[in-house]
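Below: one structure, written as structure tokens.
The values are calculated or read from the model by the stated rules, or taken from the named source; none is laboratory data. Note that the structure is predicted; figures quoted are calculated from it, not measured. Cβ coordinates were reconstructed from backbone atoms using ideal geometry, including for glycine residues, and neighbour counts include every protein chain displayed. SASA here: full protein model, heavy atoms, side chains in, ligands and nucleic acids out. Shrake-Rupley method; radii C 1.70, N 1.55, O 1.52, S 1.80 Å.
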Amino acid sequence: MTPVEIGPHRLFLGDAYRIRPTLGWQDADVMDPPYAFNNAGGGAFRKTREGANRIVEEGLDRGFDRSIINPAWSGAVVVFCHQDQLGDLIPEIAEDDRGDADALIVADMFAHLRPRFHRATLCVWTKPNPSPMANKNYLADMEPYIHAWNRGWHPQGEHHDKHRWTHTGTVRTAAFDHPTVKPDALMNKILRNVAGETVCDPFMGTGSTGVAAIRAGKVFTGIEHNPAHFETAVRRITAAWEERCAA
Ligand SMILES: C[S@@+](CC[C@H](N)C(=O)[O-])C[C@H]1O[C@@H](n2cnc3c(N)ncnc32)[C@H](O)[C@@H]1O
């Protein structure tokens, strides 16, 4: 498969599970994979939540295969999970409450990462403008991600980069015609935290990880199977690279 090359950066249009194993070592894998969660409900607020139906339409509520997280391929991984309550970290409560595996996703992800990496930390993106849908739960105003690393690939950055939280607004679906774009401030912080020079995002969407990786001076490789989102990523990453070259 021939990638689109933008300076030293490579973007692959295709399937992550087929392409990622062929790429070999990357210092970090930073990924925002399809979550597994129940996106039904919302009552009167449903109509105001523009991204909710798109998430279902694009199959971004059906989860992903964790074989894509492989400590033989990278020194560290950052994986976003579903923004469910942190109470879900207590498996018994979540099981009683929801009766399905979705509510266990954060605990599950920890269980997957801990034996494979030296350390793993739960971090969180808090949102001042969450969706108004509470679905008989709290608002979805925090979204967890786990940063796991092996020895030598621990979190980097200045003192204030070492916070486990980032407080910044969401990106509207209309901005890039994608329902789950991660904001620049969040991705810039994460890319300051990951060690090393090379970064792969196997579920790159519109290329938010790539834009932040270029701004952090790293070499980026991305994979996306949706041609429309891939085109958006090419456009955004080309602009980020040109900006960096001009600086
Ligand atoms: C949660 S979104 C990532 C959004 C991204 N963080 C951004 O800011 O634009 C996950 C992306 O993975 C893509 N995807 C899902 N399964 C894939 C697969 N098997 N191979 C490649 N891409 C996949 C989807 O099309 C979607 O754009």
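The table below lists the values:
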{"quantity": "Qualifying position, being modelled with pLDDT under 75, within 15 Å of the ligand (Cβ to nearest atom) and not polar (S, T, N, Q), among ASP61, ASP65, ASP32, ASP15", "calculated": "ASP61"}
{"quantity": "Helices (runs of 4 or more DSSP H) completely within the range 148-247 that count 2 or more residues being more than 13 Å from the ligand (Cβ to nearest atom)", "calculated": "184-193, 208-215, 227-246"}
{"quantity": "Subset of the range 131-145 that is buried (at least 18 other Cβ atoms within 10 Å of the Cβ) and out of contact with any Ser or Thr (no Cβ under 7 Å at 6 or more places or on another chain) - its residue that is nearest to ARG116 (Cα to Cα)", "calculated": "TYR145"}
{"quantity": "Condition broken by PRO179, with the remaining ones in (1) open to solvent by less than 60 Å² (accessible area, probe 1.4 Å); (2) at pLDDT 95 or above satisfied", "calculated": "(2)"}
{"quantity": "Top-ranked residue in the range 68-81 [being in a loop (DSSP other than H, G, I, E, B) and not hydroxyl-bearing (Ser, Thr, Tyr); ranked as nearest to the ligand (Cβ to nearest atom)]", "calculated": "CYS81"}
